[in-house]
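The values are calculated or read from the model by the stated rules, or taken from the named source; none is laboratory data. These figures come from a predicted structure and were not determined experimentally. All Cβ positions, even for glycine, are placed from backbone atoms using ideal geometry, and neighbour counts span all protein chains on display. Calculation scope for accessible area: heavy atoms of the full protein, side chains included, ligands and nucleic acids excluded. Shrake-Rupley method; radii C 1.70, N 1.55, O 1.52, S 1.80 Å.
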Amino acid sequence: MKEGNLRGYGFNLYYASMLVEDVPDDLWCAQPAGVPNHPAWVLGHLCATGDFAGSMLGLEPNCPTEWGELFGNGST
């Protein structure tokens, strides 16, 4: 089961990098009307929560520890 979770974890990292590889620098902090968080926050949130999920699989964290507060639940 752990190997399947690790494959899924790796795929999610790969897929996230594909989704953001062509986002222009000037749009990372753009907030269209009605959207509470910009792309930089969304990616930071995915990274921070991914680190938490990875820790449950025995992986070492990749993000700075302060990202949990910056991008965790309830942050904007």
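From the residues in region 1-30 that are under 23 Å from GLU66 (Cβ atoms) and assigned to a helix (DSSP H, G or I), which one is farthest from the chain's Cα centre (by Cα)?
Checking each candidate, the answer is ASP25.
Could you tell me how many of the residues in region 41-67 are closer than 16 Å to GLY8 by Cα and open to solvent by less than 70 Å² (accessible area, probe 1.4 Å)? Don't jump to the end; show me each part of the working.
Going through region 41-67, the residues closer than 16 Å to GLY8 by Cα turn out to be 46-47, 49-59.
In the following step, the residues that additionally are open to solvent by less than 70 Å² (accessible area, probe 1.4 Å) were identified as 47, 49-51, 53-55, 57-59.
Residues flagged as closer than 16 Å to GLY8 by Cα and open to solvent by less than 70 Å² (accessible area, probe 1.4 Å) within region 41-67 amount to 10.
Residue pairs, Cβ under 7 Å, 6 or more apart or interchain, first in region 45-73 and at negative phi and at pLDDT below 90, second surrounded by fewer than 11 Cβ atoms within 10 Å (Cβ to Cβ) and not aromatic (Phe, Trp, Tyr). List them.
Short answer, once both residue conditions are applied: LEU57/LYS2.
Yes or no: region 31-51 includes at least one residue that is part of a helix (DSSP H, G or I) and over 11 Å from the mean Cα position of the chain (by Cα). Working first, answer last.
Taking region 31-51 and keeping what is part of a helix (DSSP H, G or I), we get 39-51.
Retained after the next criterion (residues that are over 11 Å from the mean Cα position of the chain (by Cα)): none.
The answer is no; no qualifying residue exists.
Tell me, which residue of region 1-31 that is among the polar types (S, T, N, Q) and open to solvent by less than 80 Å² (accessible area, probe 1.4 Å) is nearest to ALA53 (Cα to Cα)? Please lay out each step first, then the result.
Of all residues in region 1-31, those among the polar types (S, T, N, Q) come to 5, 12, 17, 31.
Now narrow it down to the ones that are open to solvent by less than 80 Å² (accessible area, probe 1.4 Å): 5, 17.
Numbers: ASN5: 10, SER17: 17 Å.
Looking at the filtered set, the residue picked out is ASN5.
From (1) assigned to a loop (DSSP other than H, G, I, E, B); (2) farther than 24 Å from LEU6 by Cβ, pick out the condition that doesn't hold for CYS63.
(2)
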